[in-house]
Protein chains: 2
Amino acid sequence: MVPIEELKTTTTKAIRGIGYNEKDAKVILDVLMYAQLRGNNQGIIKVTTNGLAMAPDAEPMVVTHETKLSAAIDGKKTQGMLVLAEATRVAHEKAKEHGFGIVGTCNTSTSTGALGYYCKSVADQGMISICFAQSPEFVAPAGSSKAIFGTNPIGVGIPSSEGAMVLDMATSAYSWFGVLEAKTAGRELPDGAAQDKNGVLTKDPNEVLDGGAIRTFDGGYKSSNLALVIELLAGPLVGAAIEGKLAAKNWGNLIMVIDPKMLGQADFEKNAAFVMNRVRNAPKQPGVDAINLPGERGDAIAKANEAKGEIDVETNLWNNLKKAAEAFSG
Amino acid sequence: MVPIEELKTTTTKAIRGIGYNEKDAKVILDVLMYAQLRGNNQGIIKVTTNGLAMAPDAEPMVVTHETKLSAAIDGKKTQGMLVLAEATRVAHEKAKEHGFGIVGTCNTSTSTGALGYYCKSVADQGMISICFAQSPEFVAPAGSSKAIFGTNPIGVGIPSSEGAMVLDMATSAYSWFGVLEAKTAGRELPDGAAQDKNGVLTKDPNEVLDGGAIRTFDGGYKSSNLALVIELLAGPLVGAAIEGKLAAKNWGNLIMVIDPKMLGQADFEKNAAFVMNRVRNAPKQPGVDAINLPGERGDAIAKANEAKGEIDVETNLWNNLKKAAEAFSG
């Protein structure tokens, strides 16, 4: 177990050691800790596995187009979390002024971390948020043997009088990182999650990595069509690459922030909580102990970790992080 | 086979016979023909099965809240298609002026027909549209034995230089109408689509109608969470009922229209077409003949019907429609 404050200090130093300034390191730390406290795999492991490396050709991001409601940000190879955090800030500011803000980003090629982080940050302040991310070719459309989509996640934040609900889900049946992990561990993939180079279902991660692909989450047309919508709205709409995305290093994000007051329902937050509770407390199917709302399990884990003030970190990861932190002299 | 023009004239008379004026009848005809020409079950059958009955307490719809980007419409029990068509028109006007428009509707309790109709109408004019509809308790959240959600469809329209792509999909695994049809025909439901009153999977439509529920489309948490998002954004956000929705006769819709020019990508429509073609022409899995984009199969059927100038209509339906039309003296 590692005290959370010590983990934060050490992680900050390790991030600074990569070359990020104090302000940027704070943003990245926030995104990573959101995942780490929730026990998901988008956390501090990114620091020690080169997931935050600065691109040698990175330049400060630039707003290439702006209207009262919108902005387009060229990320200029800056780290993805920094670009999406800025996009979220801008969309939120516009929504505070006009009721709606929409910001697209392109030209980043590193992880943004969990979309839930960005959606929660504005939903906690009473705003609805919808976020899409496009990424390289790992996922095949229904019926195809070829990967075209990214894992194309959807993030949604909805405020309520009892706290925000945050949905953060890939439209793929499995994560790319999960396939790599399964290969390393010699594990099989879940049934229906992936296919070989001919488009035939396989549980062998080696066959997936050898020209195969992950499938979309229901293995059929509905989830594939959702993945396509995200591919379009976080791709062509925002100026991201439309093929060869891994080599182009130009992936896209779209975030929309909506002020619910625009719809004029005074009881929106109270009634949203009512619907959420109706689902949470619904009678269960046989064998089901609890119905969790989106994000709820992660929030409960984070709360428990924060209450304890310490968190379980895998020994190798913690040692590697400390080593990285020691290299930073600032 | 019935000539399409004769079908339109006869349907218009039958709609007028219910009591709709000429302008409203034209809107309803348009929505019905969109479905009918595509061979789906949201078409003219609604005329002869009381699906368009006017509520005795219906009043003209009212805008209860408005901002430069938004409006809230109280449908006042007016027919759902008329209310959502007006919402779409208003959202589109606002998007033309400001780049974005969002309109919520409540207090309708009749079908809006296919959401694709509304999304296509603005996507054909170069705008992105996203539409959600909430409806009565037919669908159970993942893990629950109780119906809480409606079939909660999603509509999305995305323009491209080779025509708009229109997604129109329920978040349920099956339609409520489909369950009723299966019961009448003595047919089984597809595996995994529905459950009995205890939440246990069943293929028997009678068990579904006896306190059971339809499941969401992937039978798991991802589609259930999407259904919940729609339940919130087309429910509490727009002032629709949050329980007892069938009795309350107060269902909700939300439509958003987004001008893609806000994101400043001159090649958006061309690049969107490129991505669509990349999916359409992707190498196929064994046994797959064609990969259809969302809405594409329906569009092809509609085009073929229009080229022939006539359409196959079931004899009983056609006779009932003619009878209904004869009753109209206008």
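The values are calculated or read from the model by the stated rules, or taken from the named source; none is laboratory data. Quick caveat, the model's predicted, so the values are computed rather than measured. Every residue, glycine as well, gets a Cβ built from its backbone with ideal geometry; the counts of neighbours run over all protein chains shown. For accessibility, only protein heavy atoms count, side chains too; no ligands or nucleic acids. Shrake-Rupley method; radii C 1.70, N 1.55, O 1.52, S 1.80 Å.
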**OP:** With no solvent and one equal point scatterer placed on each C-alpha of the stretch A:80-150, evaluate the Debye formula and give log10 I(q)/I(0) for q = 0.25 Å⁻¹, two decimals.
**Re:** -1.09
**OP:** Please average, across the residues of A:271-282, the number of beta carbons from any other chain that are within 10 Å of each residue's own beta carbon, and give a whole number.
**Re:** 6
Original post:
Among A:Phe177, A:Phe132, A:Phe149, whose mean-square fluctuation peaks in a Gaussian network model of chain A (Cα, cutoff 10 Å)?
Top reply: A:Phe177
**OP:** Kindly report, to the nearest 10 Å², the accessible surface of B:Cys131 as traced by a 1.4 Å probe over protein heavy atoms only.
**Re:** 0
**OP:** Could you work out the mean projected area of the convex hull around the alpha carbons of the stretch A:151-238, in square nanometres to one decimal?
**Re:** 7.6
**OP:** Could you quote the convex hull projected area for chain B, Cα atoms only and averaged over all directions, in nm²?
**Re:** 18.1
**OP:** Go ahead and set up a Gaussian network model of chain A, Cα springs under 10 Å, then flag whichever of A:Val122, A:Val279, A:Val229 fluctuates most.
**Re:** A:Val279
Subject >> Once the Cα gyration tensor of the stretch A:153-193 is diagonalised, semi-axes √(5λ) in Å >> reply: 31, 10, 8
Original post:
Working out 0.36 nm times the residue gap between A:Lys23 and A:Phe328, then minus their Cα-Cα distance, what length gain in nm do you get to one decimal?
Top reply: 108.2 nm
Subject >> Histogram of C-alpha separations across the stretch B:67-224, 5 Å bin width, % >> reply: 2, 10, 16, 17, 15, 14, 12, 8, 4, 2, 0
Original post:
Considering only the label points, 7 Å along Cα→Cβ from Cα, what distances in nm to one decimal separate B:Lys96 from the same position in each other copy, shortest first?
Top reply: 3.4
**OP:** Would you be so kind as to identify which of B:Ile291, B:Ile255, B:Thr110 lies farthest towards the positive end of the dipole of the protein assembly as shown, taking Lys and Arg as +1 and Asp and Glu as -1 on Cβ and the Cα centre as origin?
**Re:** B:Ile255
**OP:** Rounded, prolate or oblate: pick one for the stretch A:200-274, where a ≥ b ≥ c are the square roots of the eigenvalues of its C-alpha gyration tensor, a/c under 1.5 means rounded, and failing that, prolate if a/b is larger than b/c, else oblate.
**Re:** oblate
**OP:** Quick one: among A:Asp124, A:Asp191, A:Asp30, which has the greatest mean-square fluctuation in a GNM of chain A with alpha-carbon springs under 10 angstrom?
**Re:** A:Asp191
Original post:
At what distance in angstrom do the alpha carbon centres of the stretch B:141-197 and the stretch A:199-228 lie from each other?
Top reply: 23
Original post:
What spacing in nm lies between the two simple spin-label points modelled at A:Asp57 and A:Lys76, each 7 Å away from Cα in the Cβ direction?
Top reply: 1.5
Subject >> B from A by rotation - nearest chain A beta carbon to the axis, in Å >> reply: A:Asp218, 2
Subject >> Rounded Å value of the spacing that divides the Cα centres of the stretch B:94-131 and the stretch A:240-281 >> reply: 18
Original post:
When the solvent-accessible surface of protein heavy atoms is calculated with a 1.4 angstrom probe, in what order do A:Thr108, B:Thr151 fall, highest first?
Top reply: B:Thr151, A:Thr108
Original post:
What are the GluC sites (Glu not before Pro) within the stretch A:182-231 that DSSP puts in a loop, where the Cβ has at most 14 other Cβ atoms within 10 Å?
Top reply: A:Glu188
Original post:
Within the set A:Lys13/B:Lys222; A:Lys203/B:Lys120; A:Lys270/B:Lys26; B:Lys203/B:Lys245; B:Lys146/B:Lys183; A:Lys261/B:Lys94, which residue pairs have Cα atoms separated by over 28 Å?
Top reply: A:Lys13/B:Lys222; A:Lys203/B:Lys120; A:Lys270/B:Lys26
Original post:
What nm distances, shortest first, do you get from the label point of B:Met1 to those in the other copies when the point sits 7 angstrom along Cα to Cβ?
Top reply: 7.9
Subject >> Rounded accessible area per residue of chain A, 1.4 Å, Å² >> reply: 40
Original post:
Taking the Cα centre of the stretch B:1-122 as the origin and placing charges on Cβ (Lys, Arg +1; Asp, Glu -1), which of B:Asn40, B:Val83, B:Ala55 is farthest toward the positive end of the dipole?
Top reply: B:Asn40
**OP:** Shielding by partners for A:233-243, please: the mean number of other protein chain Cβ atoms within 10 Å of each residue's Cβ.
**Re:** 6
**OP:** Set the Förster radius R0 to 35 Å, insert the Cβ-Cβ distance between A:Lys203 and A:Asn40 as r into 1/(1 + (r/R0)^6), and round the FRET efficiency to 0.05.
**Re:** 0.95
Original post:
Using a 1.4 angstrom probe and counting only protein chains, how large is the accessible area of B:His98 in Å², to 10?
Top reply: 40
**OP:** Compute the normalised compactness of the protein assembly as shown: alpha-carbon radius of gyration over 2.2 N^0.38 Å, N being the residue count.
**Re:** 0.97
Original post:
How many Cβ atoms of partner chains, on average, are near each residue of A:193-204 if near means within 10 Å of its Cβ?
Top reply: 1
Subject >> Calculated label separations, B:Val288, copies of the chain, 7 Å along the beta-carbon direction, nm >> reply: 3.0
Subject >> Calculated on alpha-carbon atoms, Rg and Dmax of the stretch B:1-126 in Å >> reply: 15.0, 48
Original post:
Where does the stretch A:250-304 land on Rg/Rh, using Cα atoms and the Kirkwood Rh?
Top reply: 1.11
Original post:
When Rg is the radius of gyration of the Cα atoms in the stretch A:236-330 and Rh is its Kirkwood radius, what does Rg/Rh come to?
Top reply: 1.13
